[in-house]
1. Would you kindly derive the ³J(HN,Hα) couplings of region 143-159 from the backbone phi angles with the Karplus curve 6.51 cos²θ - 1.76 cosθ + 1.60 (θ = phi - 60°), listing them in order in whole Hz, with x for Gly and Pro?
2. Please give, to one decimal in nm, the separation of the simple spin-label points placed at Lys294 and His222, each 7 Å out from Cα toward the Cβ.
3. With point charges of +1 on the Cβ of Lys and Arg and -1 on the Cβ of Asp and Glu, referenced to the Cα centre of region 13-323, which listed residue (Ile244, Ser266, His29) lies farthest in the positive direction of the dipole?
4. Which trypsin sites (Lys or Arg not before Pro) in region 382-419 pass both tests, a DSSP loop state and at most 16 other beta-carbon atoms within 10 Å?
5. Return the sequence-ordered ³J(HN,Hα) values of region 160-171 in whole Hz as given by the Karplus equation 6.51 cos²θ - 1.76 cosθ + 1.60 applied to θ = phi - 60°, using x for Gly and Pro.
6. Show me the three semi-axes of the equivalent ellipsoid for region 45-165, from the C-alpha gyration tensor (sqrt of 5 times each eigenvalue), largest first, rounded to whole Å.
7. Report the extension gain between Phe255 and Trp76 in nm, rounded to one decimal, defined as 0.36 nm multiplied by the number of residues separating them, less their alpha carbon distance.
8. From the helices alone, meaning DSSP H stretches of at least four residues, give me the mean residue ellipticity at 222 nm for the chain, per-run term -39500 (n - 2.57), in deg cm²/dmol to the nearest 500.
Amino acid sequence: MLTRIYGTVFPTEEELKKHLAQLELAKEHDHRKLGRELELFTVSEEVGPGLILWLPKGNIIKEELEKWAKETESAWGYQRVTTPHITKSGLYHTSGHLPYYQNDMYPPMKLKDGGEYYLKPMNCPHHHLIYASRSRSYRELPLRLAEYGTCYRYEAAGELFGLLRVRGFSQNDAHIYCTPEQAVEEFVAVMKLHEHYYRSLGITDYYLEMGLRDPKKTTKYHGDEKMWKLAEKMMREAVSKLDIKMIEKAGSAAFYGPKIDFIIRSSTGREFATSTNQIDLYMGDRFNLKYADKDGKEKNPVIIHRAPLGSHERFIGFLIEHFGGEFPVWLSPVQAVVIPISEKFAAYGRKVSEALISQGIRSQLDDRDEKMQAKIRDAQLQKVPYMLVVGEREEKAKAAAVRLRSGKDLGAKTVTEIMETIKQIETSRIIDLWRWTAEETT
């Protein structure tokens, strides 16, 4: 009997050691493991596989990311919209998702009056109807409509994987309606928005993957050759204005046009496709979307699809693994734990914690009947950025001894200084834990 054995060969022992260390790091940073330990999310068979239940701490991360996206996108010229979770089946026949996408959708809800509704698998058709709700002029383009829309896709059971592959998700979605002359620069701006988000989070290892048609399966795609070539040309022109590496992958285009995915690599070496972006020359005609140009002639807008932060579920799964649970201060569910050295100083500890909370800092008081070192260790295991130890000297000085989750001891700081520093770091959304210089950080 023959047994097939597979092995991986490395050119040097150093590269082998690096690979093994990375595998070990991936185990430690596994988002499913940390999600349980840090009490971020859970799933239940009673609810259904692939449907995430966000626990209070995980929900804080989700809401902080969404708040950031809304603030940022408002500054970048986006307008917020909201669409329902279900819709009549006719909408997806118009878009072409039915029957093409039907295997990835939940079964329809058939009503007594003969109506047929589907859970929304994507936000695009709904945004197109918002655009179509009234006549449009070239003067109001580009029109950027954004939504954290909740979608549902019936992924195969064997493909479900923690937060990274789910059946229900909330997506950082937007659609930009513009003229052909505006399309390239708008797409460049979309790429730059991605870079802004990623660099703000300290993510620098990423590249683009352009999805093209499979030349052997042309019948699976909609639209004509001219449309496909023009969309591809526009996207290539936009990428040429950026300093981001791009590879190409035949067969991974959407059924109505080429697409570009952002692929980011976490600190563990795992690659994540976080965002899909498209210049769409098909759906404007399909939905009969129009705008009046400067000569009064009706034309179809170009539609740009984008989702820089992907879905909450997938992106937070990436962040858990990338940071190993040690989130930046602004994303940390608990930002500070106040630790009295004995029960005698619990009242002062409560006063310090309440002062932090009054400034919008997520603080907790650990007044358990445990040794101080045990409390510090527990806070470190929960990846809390700041441990504030208080005793007699600190109470007299209206201060607290600051200890970072890295173990670095910064000594006593006044409560006022602590509050001001944490608040500045939080509102600036920087990665550093203390001040802004490398030697004072983790």
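Every number in this text was worked out from the coordinates using simple rules, so none of it is lab data. Predicted model only: the values in this text are computed from it and were never measured. Cβ placement follows ideal geometry from the backbone for every residue including glycine, while neighbour counts extend to all protein chains displayed.
1. Values per residue, Gly and Pro as x: 10, 10, 10, 10, 7, 8, x, 8, 10, 9, 9, 8, 5, 4, 3, x, 9 Hz.
2. Distance between label points: 3.2 nm.
3. With unit charges placed on the Cβ atoms, the residue in question is Ile244.
4. On the way: sites: Lys383, Arg393, Lys396, Lys398, Arg403, Arg405, Lys408, Lys413; in loops: Lys383, Lys398, Arg405, Lys408.
Taking region 382-419 and a limit of 16 other Cβ atoms within 10 Å, the loop trypsin sites (Lys or Arg not before Pro) found are Lys398, Lys408.
5. Once θ is set to phi - 60°, the couplings for region 160-171 become 5, 7, x, 8, 7, 9, 10, 10, x, 7, 10, 10 Hz.
6. Numbers: eigenvalues 146, 120, 28 Å².
Semi-axes, largest first: 27, 24, 12 Å.
7. Details: separation 179, 0.36 × 179 = 64.44 nm, distance 2.92 nm.
Full extension of this stretch gives 61.5 nm more.
8. Details: 14 runs with 158 residues, N = 442.
So the calculated ellipticity at 222 nm is -11000 deg cm²/dmol.
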